[in-house]
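See below for the structure under consideration.
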Amino acid sequence: MANNSQGRRRLVVFVGIVLTLAVAWLLFYAVPDSLVELFGILLVVVTGVLGARFVGRLAAHRFPDYDVAEVAVSGPISRDGRGGVPSRSGTPADAIVEQIEKADEDSNAQALLLRLNTPGGEVVPSEDIRLAAERFEGPTVAYATDVCASGGYWIASGCDEMFARDASLVGSIGVIGSRVNAADLADRLGLSYERFAAGKYKDAGVSLKEIGEDEREYLQGLIDGLYDDFVRRVTAGRDLDAETVRETEARVYLGDEAHDLGLVDELGTREDVEERIAERLGVPEVSVQEFEPRQPLRERLNVGAQSVAYSFGAGVASVLGGDESKRVEGFEFRVR
């Protein structure tokens, strides 16, 4: 299918170039006798180039030459794509879901390649991406490059197959919740916590007060519930028994060991992944088109400015003996 589309595209581009040059010749050179011949030739060439670009884009839209959609999940997983520091920003989860759904609606995309390089992130955004991959109508293959941990593995469990490299880090099937206990620091600074809340556990995990045993049990119960959900997702999607998953104790494994444990189906390179997809589609080879969200110029510039500001701030923080990226207010759940 991809080869036929490519041939049609070339034919459309060729015909378009010929027609564009013919029209340009008539308009700028053959008809007006007063024009200088050299200027007319230059206008013909410029018009031909512009016409070729336009017709090329039109042909690419009408006769796409791909049959596999590739969507990347890179960096920390969050709703807005921010990973705590600019240098570790990822793609917004909603944008990733949008691209997977766009690929699913594209009749040319017969399969989905989900490229994963992420340490994990937030629970619900990870689940949204997993669901989008699971709903894709066609073969879905997850490909772990450098790291596919925690939330990344949660996502991979929604795909039909998973590939990784020998040196990929895979796993970390676990959930973490954290809080900073600043009660002693507040005492030394003369600060006190006054509670105005309705509901016993409304302020559970607040950093400025000591945590009680009942609050600790309550928060740990939430962690345990999310972990049980994670295990269910993995056992269902990866065809593993729950005990095997729990025995990993949220460890990360190199690709070959992850393969031995059944966490990964195959080890291989990008070429191996494409060959496997071609096999599933029953074609000699596949052509891959990356589906990626467009990032507004304003947002790209903003990320650059944040990186500069963070670099300066990190230097100041190191002098003061603190790291702003590790400070947490309240209690936070992450599959990481």
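The values are calculated or read from the model by the stated rules, or taken from the named source; none is laboratory data. Please read these numbers as outputs of a predicted model, since none were measured by experiment. Using ideal geometry, Cβ is built from the backbone for each residue, glycine included, and neighbour counts are taken over all protein chains shown.
Would you check if there is a residue in segment 181-188 being assigned to a loop (DSSP other than H, G, I, E, B) and out of contact with any Cys (no Cβ under 7 Å at 6 or more places or on another chain)? Yes.
The residue of segment 167-187 that is surrounded by the fewest Cβ atoms within 10 Å (Cβ to Cβ), among those that are at pLDDT 85 or above and not β-branched (Val, Ile, Thr), is Ala167.
Residue-by-condition table, conditions (1) of a type in the set (Ser, Thr, Tyr); (2) surrounded by fewer than 17 Cβ atoms within 10 Å (Cβ to Cβ); (3) modelled with pLDDT under 95; (4) assigned by TED's automatic domain parsing to the domain that holds Glu290:
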site	(1), (2), (3), (4)
Ser87	yes, yes, yes, yes
Thr91	yes, no, yes, yes
Glu98	no, yes, no, yes
Glu101	no, yes, no, yes
Ser107	yes, yes, yes, yes
Leu112	no, no, no, yes
Val123	no, no, yes, yes
Arg135	no, yes, no, yes
Val141	no, no, no, yes
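Yes/no per residue for (1) of a type in the set (Asp, Glu); (2) part of a strand (DSSP E or B); (3) in the same structural domain as Thr235 (by TED's automatic domain parsing):
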| residue | (1), (2), (3) |
| --- | --- |
| Glu127 | yes, no, yes |
| Ala132 | no, no, yes |
| Ala144 | no, yes, yes |
| Glu194 | yes, no, yes |
| Ala197 | no, no, yes |
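Screening Gly158, Gly171 for residues that are touching an Asp or Glu at 6+ places or on another chain (Cβ under 6 Å) and under 29 Å from Glu249 (Cα atoms) leaves exactly one candidate, Gly158.
Taken over segment 46-71, the criterion of being outside any loop (DSSP other than H, G, I, E, B), out of contact with any Leu (no Cβ under 8 Å at 6 or more places or on another chain), buried (at least 19 other Cβ atoms within 10 Å of the Cβ) and at pLDDT 60 or above is satisfied by Val55 alone. Every condition in (1) farther than 26 Å from Asp260 by Cα; (2) touching a residue at least 60 places away in the same chain (Cβ under 8 Å) holds for Ser150 except the one numbered (1). Residues that are surrounded by 15 or more Cβ atoms within 10 Å (Cβ to Cβ) and either in a loop (DSSP other than H, G, I, E, B) or touching a residue at least 24 places away in the same chain (Cβ under 8 Å) (or both) were ranked within segment 210-221; the one that is farthest from the chain's Cα centre (by Cα) is Ile211.
Here's the yes/no breakdown for (1) in a helix (DSSP H, G or I); (2) surrounded by fewer than 17 Cβ atoms within 10 Å (Cβ to Cβ); (3) touching a helix residue (DSSP H, G or I) at 6+ places or on another chain (Cβ under 6 Å):
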position	(1), (2), (3)
Gly225	yes, yes, no
Asp229	yes, yes, no
Thr235	yes, no, yes
Thr244	yes, yes, no
Glu249	no, yes, no
Leu263	no, no, no
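In segment 195-209, what residues are loosely packed, with under 10 Cβ neighbours inside 10 Å and modelled with pLDDT of 80 or more? Of everything in segment 195-209, those that are loosely packed, with under 10 Cβ neighbours inside 10 Å and modelled with pLDDT of 80 or more turn out to be Phe196, Ala198, Gly199.
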